[in-house]
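The values are calculated or read from the model by the stated rules, or taken from the named source; none is laboratory data. No experiment lies behind these values; they were computed from the predicted model shown. Glycine also receives a Cβ, built like all others from the backbone with ideal geometry; neighbour counts cover every protein chain displayed. Protein only, heavy atoms only, side chains kept; ligands, DNA and RNA dropped before computing areas. Shrake-Rupley method; radii C 1.70, N 1.55, O 1.52, S 1.80 Å.
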Amino acid sequence: MRTITMKVNGVSTSHDVSDNTLLVSFLRETMGLTGTHIGCDTSQCGACVVHVNGKSTKSCTILAAQLEGAEVTTIEGIANGDELHPMQQAFHENHGLQCGFCTPGMVMSAIELVEKNKNLSERQIREGLEGNICRCTGYHNIVKSVQDAAGKMGG
């Protein structure tokens with residue numbers, strides 16, 4: 001066990017963790033942030049994507065103990081109070097989800113994708129979200145959602 005300190009959704013937190021605790025388990029079990037989903041346990045599906053120091057990261061691929069001093073943002077941390085993040089709003093308005101299981105990871109990946117380039121083509125969006133699997137939608141409305149959010153995310 002070791003004590004780690006990090007910022008999660010803008011709030012500094014310190015907890016004892018085992019050396020082998022995955023970030024996804026730390027977020028869900030220790031922090032109670034269950035919006036980060038465990039999908040495949042093999043880093044293939046992207047349901048567990050969060051931002052670590054502003055970069056999309058599959059939280060099943062990194063140990064919590066590695067993140068001493070890091071800033072972690074989960075799906076719970078991107079809204080502004082009751083106001084959804086533009087990407088969340090776009091997914092809602094464009095029906096970019098069905099069962100919703102992949103949605104948190106998809107949204108987190110899409111935010112970083114758009115922050116890097118707001119003028120993405122459909123192909124660039126599809127390639128940029130390649131590490132996120134959706135079994136329900138066929139991706140058409142996800143792409144529409146990302147394009148819509150890009151126009152609303154400023155800059």
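Quick notes on this structure:
- Counting only lysines at least 8 places from K116 when in the same chain, those with an alpha carbon closer than 19 Å to its own are K55, K58, K144, K152.
- Förster-model FRET efficiency, 41 Å R0, N119 and E29, C-beta, rounded to 0.05: 0.55
- Under a model in which nothing but the beta-carbon of Lys, Arg (+1) and Asp, Glu (-1) is charged, the chain shows a dipole of about 320 debye around its Cα centre.
- Residue among D82, D41, D19 with the largest mean-square fluctuation in a Gaussian network model of the chain, springs linking Cα atoms under 10 Å: D82
- Nonlocal amide H pairs with H95, under 5 Å, H built at 1.01 Å: none
- Amide proton proximity set for L22, modelled H, under 5 Å, gap of 5+: A64
- Normalised by the number of residues in region 42-155, the mean separation of alpha-carbon contacts (under 8 Å, six or more apart) gives a relative contact order of 34 percent.
- Between G128, G81, G46, the Gaussian network model of the chain with springs among Cα atoms under 10 angstrom shows the greatest mean-square fluctuation at G81.
- Rounded to whole numbers, the Karplus 3J(HN,Hα) couplings from phi for region 118-123 are 7, 10, 7, 7, 4, 4 Hz, using 6.51 cos²θ - 1.76 cosθ + 1.60 with θ = phi - 60°, and x at Gly and Pro.
- For the chain, the per residue solvent-accessible surface stands at 51 Å², with DNA, RNA and ligands left out and a 1.4 Å probe.
- Within the accessible surface of the chain, defined with a 1.4 Å probe on protein heavy atoms only, the carbon and sulfur portion equals 45 percent.
- Alpha-carbon centroids, region 96-135 and region 1-28: separation in whole Å: 26
- For Cα extents along the principal axes in Å, computed directly from the structure shown, the correct entry in [x] 45, 30, 25; [y] 61, 35, 22; [z] 46, 31, 29 is [x].
- Summing charges over neighbours of C40, with a neighbour being any other residue whose Cβ is under 14 Å away from its Cβ, gives +1 when K and R count +1 and D and E count -1.
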